[in-house]
Every structure is written in structure tokens, then in C-alpha cells.
1. If I go through segment 138-167 residue by residue, how many of them are part of a loop (DSSP other than H, G, I, E, B) and either surrounded by fewer than 20 Cβ atoms within 10 Å (Cβ to Cβ) or among the polar types (S, T, N, Q) (or both)?
2. So, E126, is that one closer than 22 Å to E155 by Cα and assigned by TED's automatic domain parsing to the domain that holds D241 or not?
3. Do we find that K37 is basic (K, R), assigned to a helix (DSSP H, G or I) and at pLDDT below 95 in this structure?
4. Here is a list: T134, T107. Which entry is in contact (Cβ under 8 Å) with a residue 12 or more places away in the chain, outside any helix (DSSP H, G or I), under 21 Å from L237 (Cα atoms) and among the hydroxyl-bearing types (S, T, Y)?
5. Under 8 Å by Cβ, and 6 or more places apart or on different chains, what pairs join a residue from segment 233-245 that is over 14 Å from V97 (Cα atoms) with one that is part of a helix (DSSP H, G or I)?
6. Looking at (1) over 22 Å from W8 (Cβ atoms); (2) basic (K, R); (3) out of contact with any helix residue (DSSP H, G or I) (no Cβ under 7 Å at 6 or more places or on another chain), which is the one condition that is false for R117?
7. Just the residues that are in contact with a helix residue (DSSP H, G or I) (Cβ under 9 Å, 6 or more places away or on another chain), buried (at least 19 other Cβ atoms within 10 Å of the Cβ) and within 14 Å of W152 (Cβ to Cβ), please, taken from segment 95-114.
8. If E59 passes every condition in (1) over 22 Å from the mean Cα position of the chain (by Cα); (2) outside any helix (DSSP H, G or I) but one, which one does it miss?
Amino acid sequence: MDKQKLTWKEVVKDALMELGGQGHLSEINEIVESHPKTKTNPTWQATIRRVVRQYKIFEPLGNGVYKLLEEKEFKTHSQKFTEELEVNHGIAQGILVTLGKIYGYETYAPPHDQTIRDFQGKSLGEFVTVSDCTDIFRGPNLAKIREIDALWFDEDDYGLFPAFAFEVEETTRVKSGLDRLLKIPRRFPVRFYIIGPSEKEKSLFEQYVNQTPFREYKDRFLFRFYKELEELYNSALVHNDRREEFGIVERGK
């Protein structure tokens, strides 16, 4: 595989494997220094410092030492929403982080939700790949951004950046969800989604996105129903199974 096409996560993972599963940041840097990706990123050492803090598979052991953890792979199955709103919120988040993984993105959900919400018998946190987004969103809005229900990240030469952001909201909280989404810095070309159960939420969404401050960014906001999310997820599972049966594997596998 072309080394330049590897993600920074894969580069650091390979370095730790070469070090026997754990190593000091300086040892990781020593291995990575000659990697082709460093030629297109003059601040690659800072990127590596961010990478080991961001991903769940890199466990800090203290004093600059990191341990490589095994990435958990869960086989999820088809899913339907229920009549219970609180349960549905966790289902929606679980569907979103699973879809993100299927589509090749790194995924994040709020730390509290990772602990208290379940999806198909496992905690939401077991499906999420990004543990910390602090370095991506440093600034006064960080606390609110960290509470966005689901984020999908892509990567460029300098590391992770947000590509999609999702808020799962019932009627009274649609505006709060829009407010949180708009806290993401404008420099990121993120597509914003409100996921809701009914026409009431859609009507409120359409009302708010035509008002200040959302109107200026109206073309970046989309509303989708629970039912649409459910259908996308279940069809994506079928496609993913067919892809694997055909022998087309994920990048880096």
C-alpha cells in the first residue's frame, strides 16, 4: 500500500506495533520521522502528539508512554426505533456511529453518553473511535461542541477534521441542537443534521433555519426523520455484508 495514503492513526499504530505494543512518544517520533507523510506536514510531531491523545486505541500510561489497544470490532444487526423517546435517542446515536464506521469515518459521541447509553447490548462508548476532540475545537465553544450527539471525522495531512455533525432532538430541543451545531468553527466545511421523530420537529427546524443566526448557513443544515435514518442504516448493513463477501475490505485492513 502507498504509505502516503495511510492515515496518521495507522502510521502511529504501525510504529507502536514495531515497538512491541507500547512506547514513548520520542520512540514513536524516531520511527515515524522517515515516513513519507512527514514530507507533506512540517509539524508532524505536533500531529502525532494530537493523534495519541485523540484515539481510543492509544492508551496513555503516563510520562509520555502509550500502549496500543486492540480495536474492537462488533457485528451489529438490523435496528428499528421504538415508542420510547429516551431509548430512541441512544438507538439513533448508535446507528450514527456505526454508519460512520461503515462509511470510513472516525466517530465521536459525548463522554457522558458513551457511558450511560447503550446500543444493541453494548455501551455506546464501545463503538466510538475518537476519545478526545479538544485539540480540534480549542476555544470558548469547546464545551458545547463536545456535547453534539455524534460527529464523523475525516483526515488530511495535518490530522482529523469534522465532516458531519448530528443532533438527535425531540420538539422542545430542536433549537438547542441547532445552536450546538453552529458552535463548530466556520473554517470546517461540516454538514449539519437534525434527526427527529416527526413532522413537528421538521416544522420547527424549517422555522428556525430561516431565522438569525441560522439563516446565513441554511444550506449546511438538513433535517432527517428517524425512519429515514433507520432505513439508511439497515440498507448500509446489507451493503456492507455484501461488500465483505465480495472481498472488498476497508482501507488499512
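1. 8
2. yes
3. yes
4. Being in contact (Cβ under 8 Å) with a residue 12 or more places away in the chain, outside any helix (DSSP H, G or I), under 21 Å from L237 (Cα atoms) and among the hydroxyl-bearing types (S, T, Y) holds for just one of T134, T107, which is T107.
5. Within 8 Å, the pairs are N240/I102.
6. (3)
7. I95, L96, V97, T98, L99, Y105, E106, T107, Y108, A109
8. (1) is the only condition that E59 fails.
The values are calculated or read from the model by the stated rules, or taken from the named source; none is laboratory data. In this text the structure is predicted, and so the values were computed from the model without any measurement. Counting neighbours? That spans all protein chains shown, and the Cβs are built from the backbone with ideal geometry, glycine included.
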